[in-house]
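One structure is given below, encoded as structure tokens.
No lab work stands behind these numbers, since they all come straight from the coordinates. Owing to the predicted nature of the structure, the values given are computational and were not obtained by experimental measurement. Note that we place each Cβ from the backbone using ideal geometry, even for glycine, and neighbour counts take in every protein chain shown.
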Amino acid sequence: MSTYVSLWIYLDSRGDMQIKLTFGEIKTITGFDIDHSFLTYKKDAKEYGYEVGKISLKEKHVTFIKIKKPVE
């Protein structure tokens, strides 16, 4: 299970096409500071319908983009 599962569930519950969260907001959701391990776990967001867009270390935010699921 992903360390960031609470974040992925939060994104899924919002359902917005694009969500920008500050590092502080992510800490509030997950209970811990975002760190380099996020780069490993970011691929798990796809299971919840999102991909990680821009990660801004300068502005301390992450943009998530809703992905379109293929038509079956």
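Numbers at a glance
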quantity: Cleavage-rule hits (GluC sites (Glu not before Pro)) in region 1-69: DSSP loop, at most 15 neighbouring Cβ within 10 angstrom; calculated: Glu59
quantity: Least to most buried among Thr40, Thr63 (fewest other Cβ within 10 Å first); calculated: Thr40, Thr63
quantity: Rounded tilt (10° steps) of 5-14 against the dominant C-alpha axis of the chain; calculated: 60 degrees
quantity: Trypsin sites (Lys or Arg not before Pro) restricted to DSSP loop in region 24-65 with at most 15 other C-beta within 10 Å; calculated: Lys58, Lys60
quantity: Set of aspartates and glutamates with alpha-carbon distance to Lys27 below 14 Å, sequence-local pairs under 8 removed; calculated: Asp35
quantity: nm² value of the averaged projected area, convex hull over the Cα atoms of the chain; calculated: 4.9 nm²
